[in-house]
């Protein structure tokens, strides 16, 4: 099958100029001819054109006005326009390019130059069209991924809600403080954690794109830290780690609270990621210390473990997909934690060395401008 030729519209009122262009381009391209601006606009309305060779000085509508009208029309503004004119001053060329032309040739033109310029700009047009199609395909793929994610979240929630319901019934039927009740509670906490992860996935997608709408309210971080400790109970026992929570420098007392302004799910996921990392990174028989204190308008949470971040990833600790030494690590824990801190109008930073270990410092807007840990 013969390849379809590109269509070029020649717009000129001088027969000799038209004849020269036809002789130069006729073998390689399908050519259309208009002898004035009005006819040129009519031809472009009636059929697709790939490139226009446009004279400036013509009776009636001149080339500048033709170019302006084509650029203002959504269906024709992408057609490359090359001005071919006897007006060769720099100001003429500047004006033509400002109108939207892609090139400017001064008469008398050389046939090889015309052919070279036409070839170049048709190639660029094809490249732009290819990029546009690729962008549309990528956008469609992104929409498809979002649809799949939503379907997965919906399908995962149904069996998970059944697990939560059964674990709740089982927990309520068992003797309080028994080993079986503790195990049922662990199942329930894990199910709620998974449910939160499912709900969080779309939120992180929105945060990455800067379209997340924060619904901040009071969050008691001490409650969340207690739940996270329960989720890490097995790992703490295996490594014989001590879990220490302080407000300022004092151990937490019964009923104390440490309030920040944020969203509970974001705070739970953020602290869960960071504390899990701290447990995994800590050497055996050491202490995980979580120190909370108020610093001005912010509540500060400092998480310390005695392990050090490997030097090769220290500067990129919060970058996406950064991981080291974890067989199944995704490299998303610290990255998503920073996203969640920033989304809640807070910040996160890290200090690490082999001598001092690693301290992660999270700052979130405080909900208790008075003394920390005291209910306002």
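With Cα Rg over 2.2 N^0.38 Å in mind, check (1) 1.62; (2) 1.01; (3) 0.95 and report the label derived from this structure.
So the structure-derived entry is (1).
With each pseudo-label sitting 7 Å past Cα toward Cβ, what's the residue 78-residue 141 distance in nm, one decimal?
It works out to 2.0 nm between the two label points.
Just order 171-182, 18-29 by mean Cβ neighbour count inside 10 Å, highest at the front, would you?
18-29, 171-182
On a C-alpha basis, how far is the centre of segment 1-68 from the centre of segment 344-365 in Å? Whole number, if you could?
66 Å
Computed over the Cα atoms of segment 214-376, what is the convex hull's projected area averaged over all directions, in nm²?
9.3 nm²
Ordered by packing density, taken as the mean number of other Cβ atoms within 10 Å over each peptide's residues, highest first, how do 292-303, 232-243 rank?
The peptides rank, most packed first, as 292-303, 232-243.
Quick one: Cα centre-to-centre distance for segment 250-321 and segment 221-247, in angstrom?
Using only Cα atoms, the two centres lie 11 Å from each other.
Put a dot 7 Å past each Cα toward the Cβ at residue 205 and residue 42; how far apart are the dots in nm?
5.2 nm
No value in this document is a laboratory result; all are computed from the given coordinates. Nothing here was measured: the structure is a model prediction, and the numbers come from that model. With ideal geometry, Cβ positions are generated from the backbone for all residues, glycine too; neighbour counts draw on all protein chains shown.
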